[in-house]
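Peer 1: Have a look at the structure that comes next, please.
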Amino acid sequence: MAEPKVKYDRQLRIWGEQGQAALEKASICLLNCGPTGSETLKNLVLGGVGSITVVDGSKVEVGDLGNNFMVDESSVGESKAKCVCAFLQELNDVVKAKFIEDFPEELIETNPSFFSQFTLVIATQLVSDSMVKLDRICREANIILIFARSYGLMGFVRIGVKEHTVIESKPDHFLDDLRLNNPWPELTRFTETIDLNTTDAVVHKHTPYIIILVKIAEEWANTHGGNLPSTREEKRQFKDLIKSKMITIDEENYKEAMEASFKVFSPRGIGANLQKIIDDGGTEIDSNSSDFWVMVAALKEFIANEGGGETPLEGSIPDMTSSTELYVNLQKNYQAKAEADFLVMERRIGNLLKKIGRDPASISKTNIKSFSKNARKLAVCRYRLIEEEFNSPVQPELQKYLMDEDHGTLQEANSLKVLPENTAAGLYILLRAADRFAVNYNKFPGQFDGVMDEDISRLKTTAVGLLNDLGCNSSALSEDLINEMCRYGASELHAVAAFVGGVASQEVIKLITRQFIPMSGTFIFNGIDNKSQLLLL
């Protein structure tokens, strides 16, 4: 058996050992192991989750062989949960796997405490009523829940959790924490030892751009009443000032300084997102507060006191043209400041823990260091109850989604005999209508041959009733979309299931590792034209 560091080498480069450890501790429950559930869990088993429990009361049928790679001909007539569980364990024998031959809907009704043993529950192919009940159960037990569903050529994914906090959000684009426009005393003293007017050509062309920008920013401020460039013209003049310091045209460090000059112009202090977090009621901590909110409360104190309006320094610098000596010394300066800020945070966190009656050392140094390093990039995600979304969606948003940019309403689009550009909201409404249809007629629209026309008419009536209940009386759905929904017959197509499973498993990894920001709304995949949209309802 391969060593974990070799086996999981690629993913360790993304979420690190801490993220992998969280995965390996996780206990995952899958409800329904059709193609959508199997594909979701397959990705997590390959990723090395700790344990899985597959819940499904159905038997493998011949039809399952055409859309589920986790069963074969020998499985027909056998427990689907047992067969899928065995196939999944073959993919990664380190993962502990067990199965329960029971229908998820029965468990939800008769044994809600069953779900409290898991880290996360993946509920696939549940209808609306069961989704609403399970969402409440998992919220009360503080268990992370994710819904995934494939229905013909459409897919649905939604997260259900009261609150999810992220320290390592790892945004794609984020400004380096260099403090060029607000250097701390030690950095200022270090830059003062460097002469930009040196006649030594080698030294001049190997001075790091950080030093160049700090010194030129200070020079500019001294001649502009303490202010840094703010207008377009001033920013152009600032770049010209950098250029005027060049001795030769091939000095890459000065070119880098001009390219990075925008970092000098960025506002000091913290961003709007972080301000919202430190102003959150969660910072009023007590003995029941999570480690995250205790650290945020300490961060709030730090920003108001030692930080002087700034977060703890991250302590890293990008690669740049420089002599080795200057680069290393500059790096040490940033690391020393970051370490000093971390020690202040550690002390403040210890004091707050003591104040609320907890062990001052109950939050590890590793976690405090990670929090301090990523303080600018924190994220807090909160999700509405799915019952609230279903019964009282945000009206302006739903109305907006039901409008098509190119053709006006979905109804107008239908009159032009085209599918509208934005069919995500229409598919969302029709999926909800299909569930209501199933309650009324004990089958899904188009599920059985010979009554297609009747089902189309019934689904249309059901969908109109749903829109009226949601306060969207003036909205109408595309006839083509209604016909498509009936044509699907509640089938699970493997290609769609694989895509939806990929999206769902990606969100599961975000939620378990607490890295990257999970999706904030209801994800709808439109396989008709291979588009997807996040509906914020």
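Peer 1: Can you tell me which residue among Lys400, Lys369, Lys337 is within 25 Å of Leu274 (Cα to Cα), assigned to a helix (DSSP H, G or I) and either within 26 Å of the chain's Cα centre (by Cα) or at pLDDT below 95 (or both)?
Peer 2: Residue meeting the stated conditions: Lys369.
Peer 1: Right, another one. Within the set of pairs 6 or more residues apart or between chains, which connect a residue that is farther than 21 Å from Trp15 by Cβ inside the range 162-178 to a residue that is at pLDDT below 90 and not hydrophobic (A, V, I, L, M, F, W, C) with Cβ atoms less than 7 Å apart?
Peer 2: From residues that are farther than 21 Å from Trp15 by Cβ, the pairs are Leu175/Ser266.
Peer 1: I'd like the residue in the range 83-112 that is free of Cβ contacts under 8 Å to residues at least 24 places away in the same chain and open to solvent by 70 Å² or more (accessible area, probe 1.4 Å) and, out of all such residues, is nearest to Lys25 (Cα to Cα).
Peer 2: Only one residue tops the list, namely Glu90.
Peer 1: Taking Ile386 as meeting all but one of (1) under 28 Å from Leu175 (Cα atoms); (2) surrounded by 14 or more Cβ atoms within 10 Å (Cβ to Cβ), write down the number of the exception.
Peer 2: Ile386 satisfies all of (1) under 28 Å from Leu175 (Cα atoms); (2) surrounded by 14 or more Cβ atoms within 10 Å (Cβ to Cβ) except (1).
Peer 1: If I filter the range 335-352 down to residues being touching a residue at least 40 places away in the same chain (Cβ under 8 Å) and closer than 17 Å to Gly308 by Cα, which single residue comes out as surrounded by the fewest Cβ atoms within 10 Å (Cβ to Cβ)?
Peer 2: Taking the candidates together, the pick is Val344.
Peer 1: If you scan the range 242-253, which residues turn out to be part of a helix (DSSP H, G or I) and surrounded by 16 or more Cβ atoms within 10 Å (Cβ to Cβ)? Steps first, please.
Peer 2: To start, the set of residues in the range 242-253 that are part of a helix (DSSP H, G or I) comprises 242-244, 252-253.
Residues satisfying the conditions are Ile242, Asn253.
Peer 1: What are the pairs with Cβ atoms under 9 angstrom where one residue, in the range 212-233, is open to solvent by less than 20 Å² (accessible area, probe 1.4 Å) and the other, located anywhere, is charged (D, E, K, R) and not in a helix (DSSP H, G or I)? Sequence gap at least six, or different chains.
Peer 2: Pairs found: Ile212/Lys245; Val214/Arg179; Ile216/Lys245.
Peer 1: If you don't mind, another one. May I ask you to list pairs of residues, at least six apart or on different chains, whose Cβ atoms are under 7 Å apart, with the first in the range 53-78 being at positive phi and the second being modelled with pLDDT under 90?
Peer 2: Gly77/Val60
Peer 1: Select, from Ile159, Ile146, the only residue that is crowded, with 21+ Cβ neighbours inside 10 Å and under 17 Å from Phe114 (Cα atoms).
Peer 2: Numbers: Ile159 fails: under 17 Å from Phe114 (Cα atoms).
Answer to the selection: Ile146.
Peer 1: Further question on the same structure: For the range 433-463, how many residues are closer than 18 Å to Glu479 by Cβ, touching a residue at least 24 places away in the same chain (Cβ under 8 Å) and surrounded by 16 or more Cβ atoms within 10 Å (Cβ to Cβ)?
Peer 2: The total comes to 10.
Peer 1: Output the number of residues of the range 254-301 satisfying the condition of being of a type outside the set (Lys, Arg) and either open to solvent by 40 Å² or more (accessible area, probe 1.4 Å) or over 30 Å from Pro360 (Cα atoms) (or both).
Peer 2: The qualifying residues number 26.
Peer 1: Show the residue pairs that are 6+ apart or on different chains and have beta-carbon atoms under 7 Å apart, the first residue being within the range 288-303 and in a helix (DSSP H, G or I), the second being surrounded by fewer than 20 Cβ atoms within 10 Å (Cβ to Cβ) and among the polar types (S, T, N, Q).
Peer 2: Qualifying pairs under 7 Å: Asp291/Asn367; Phe292/Thr165; Trp293/Thr283; Val296/Thr283; Ala297/Thr283; Lys300/Thr283.
Peer 1: Filtering the range 33-62 down to residues that are among the charged types (D, E, K, R) and not in a helix (DSSP H, G or I), which residue is nearest to the chain's Cα centre (by Cα)?
Peer 2: Of everything passing the filter in the range 33-62, Asp56 is nearest to the chain's Cα centre (by Cα).
Peer 1: Okay, moving on. Somewhere in the range 162-180, is a residue in contact with a helix residue (DSSP H, G or I) (Cβ under 6 Å, 6 or more places away or on another chain), in a helix (DSSP H, G or I) and aliphatic (A, V, I, L, M)?
Peer 2: Looking for residues that are in contact with a helix residue (DSSP H, G or I) (Cβ under 6 Å, 6 or more places away or on another chain), in a helix (DSSP H, G or I) and aliphatic (A, V, I, L, M), one finds none in the range 162-180, hence no.
The values are calculated or read from the model by the stated rules, or taken from the named source; none is laboratory data. Note that the structure is a prediction, hence the values are computed from the model and not measured. So basically every Cβ, Gly included, is an ideal-geometry build from the backbone, and we count neighbours across all protein chains shown. The protein model used for the area step is the full one, side chains on, heavy atoms only, and it has no ligands, DNA or RNA in it. Shrake-Rupley method; radii C 1.70, N 1.55, O 1.52, S 1.80 Å.
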